[in-house]
Number of protein chains: 2
Amino acid sequence: MSTVPTATISRLVTYLRILTQLEAQGIKKTSSEHLADEAQVSAFQVRKDLAYFGRFGTRGAGYTVPTLRRELRRILGLTRSWSAAIVGMGRLGEAIAHYPNFGAYDFLLKGAFDIDPHKVGREVAGLTVQHVDELPRVVREKGIDIGFITVPHEAAQDAADALVRAGVKGILNFAPTVIDVPKEIHVEPVDFLAGLKRLSFYILNPQLREEVA
Amino acid sequence: MSTVPTATISRLVTYLRILTQLEAQGIKKTSSEHLADEAQVSAFQVRKDLAYFGRFGTRGAGYTVPTLRRELRRILGLTRSWSAAIVGMGRLGEAIAHYPNFGAYDFLLKGAFDIDPHKVGREVAGLTVQHVDELPRVVREKGIDIGFITVPHEAAQDAADALVRAGVKGILNFAPTVIDVPKEIHVEPVDFLAGLKRLSFYILNPQLREEVA
């Protein structure tokens, strides 16, 4: 298998969310057309995205909701649990720590870190905030895979360096800056200012928006 | 001009961020190669993305940082100010309202809304939380362009409907669900659970990650 477009992975995540909603509604069968409608893409795109990973439906009969959902969960690595730690326990870190849907996919928050002595020792969402110096030990002892960066942008690279040294495998970066990490570490940016800037472009240029094919 | 790929708009936002950092460092000239390095794409991609909007550099001489930065701000609609309102004043809404970089691009937060009587009337980041019923009046009186949805996912569609009825032009949706809006309203999802799921895929399948060309 060669590489898979990043956009395909993003769409698989969307299809999984739609399938989860269908299953919660007791709906047993669906189609690429229905998934496409809900995900605001074309049915051709849905079939192409799934084809990277095998054959899932039956021509003319569509997909069985629980089966396709299970397969997507497996493909995305969501049938196992992941342990995460947050670096940066300001308001954003606190909001993320309390995020109610966080445990729904077996993402387990096992550590909360800061360098501010006023924050270290506080209890947040059932965790005691620890000093960033404790990261390597905690990552090793608790088997933490993923680090969340919720520090201000000027501290983001230091937070990334600390997470990489401590041995995490991936980073979810909420700071609005590109962080530099070794090639083998995957970074997913969550940058809401970037979303805002795209929004302003599309409000001013609605005619330039890609049409759903 | 035909449509512009969504991914191009996302990359323009990244290039702008890099140019802003260069300008802050007093650096006057840059190149597609440098922008590409920083944005983790190819130099060809940088040139192609910019070419949708005109000719900006000089072959061999690269780009003038302040000029390209000003052009990208203009293209993205960031030379004017945008007014925004938040619907959902739980922890996430509060964290967003306090986001320190929020004003850096003239995004002005002019309203904070909730339906919870315990939240209505509270002061958050200099705003008094109002009931969602007040949205149409406030959107009209304050010229609000953009709505942020920070409610739980089961309330997201109601929040979207209220924002659309009130007359916003675009929505930044933090709730982990697809919302249904009229075609002329642009929605940017900010879904950090989606980022987490992509992260788990790439941690398990590093060989399937798209290479930077």
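Remarks
- Among the residues of region B:1-17, those that are touching a residue at least 12 places away in the same chain (Cβ under 8 Å) and open to solvent by 10 Å² or more (accessible area, probe 1.4 Å) comprise B:Met1, B:Arg11, B:Thr14.
- Residue match in region B:134-145 (condition: surrounded by 23 or more Cβ atoms within 10 Å (Cβ to Cβ), within 25 Å of A:Tyr99 (Cα to Cα), out of contact with any Pro (no Cβ under 8 Å at 6 or more places or on another chain) and of a type outside the set (S, T, N, Q)): no
- When region A:153-187 is filtered for residues that are modelled with pLDDT of 90 or more and at the interface with chain B (Cβ under 7 Å from one of its Cβ atoms), the ones remaining, listed by number, are A:Lys169, A:Gly170, A:Leu172, A:His186.
- Residue count for region B:70-104, restricted to those that are crowded, with 22+ Cβ neighbours inside 10 Å, touching a Ser or Thr at 6+ places or on another chain (Cβ under 8 Å) and more than 8 Å from chain A (Cβ to nearest Cβ): 5
- Taking region A:50-69 as the range and being open to solvent by 10 Å² or more (accessible area, probe 1.4 Å) and touching a strand residue (DSSP E or B) at 6+ places or on another chain (Cβ under 8 Å) as the test, the residues that pass are A:Phe56, A:Gly57, A:Ala61, A:Gly62, A:Tyr63, A:Thr64.
- Condition met for A:Leu208 (within 12 Å of chain B (Cβ to nearest Cβ) and in contact with a Pro (Cβ under 9 Å, 6 or more places away or on another chain)): no
- When we screen A:Gln40, A:Gln21, A:Gln25 for residues that are open to solvent by 20 Å² or more (accessible area, probe 1.4 Å), out of contact with any Ser or Thr (no Cβ under 7 Å at 6 or more places or on another chain) and more than 10 Å from chain B (Cβ to nearest Cβ), the only hit is A:Gln25.
The values are calculated or read from the model by the stated rules, or taken from the named source; none is laboratory data. Bear in mind that the values here come from a model prediction, so they are computed numbers and not experimental data. Cβ: placed from backbone, ideal geometry, glycine included. Neighbour counts: every protein chain shown. Accessible surface areas use protein heavy atoms only, side chains included; no ligands, DNA or RNA. Shrake-Rupley method; radii C 1.70, N 1.55, O 1.52, S 1.80 Å.
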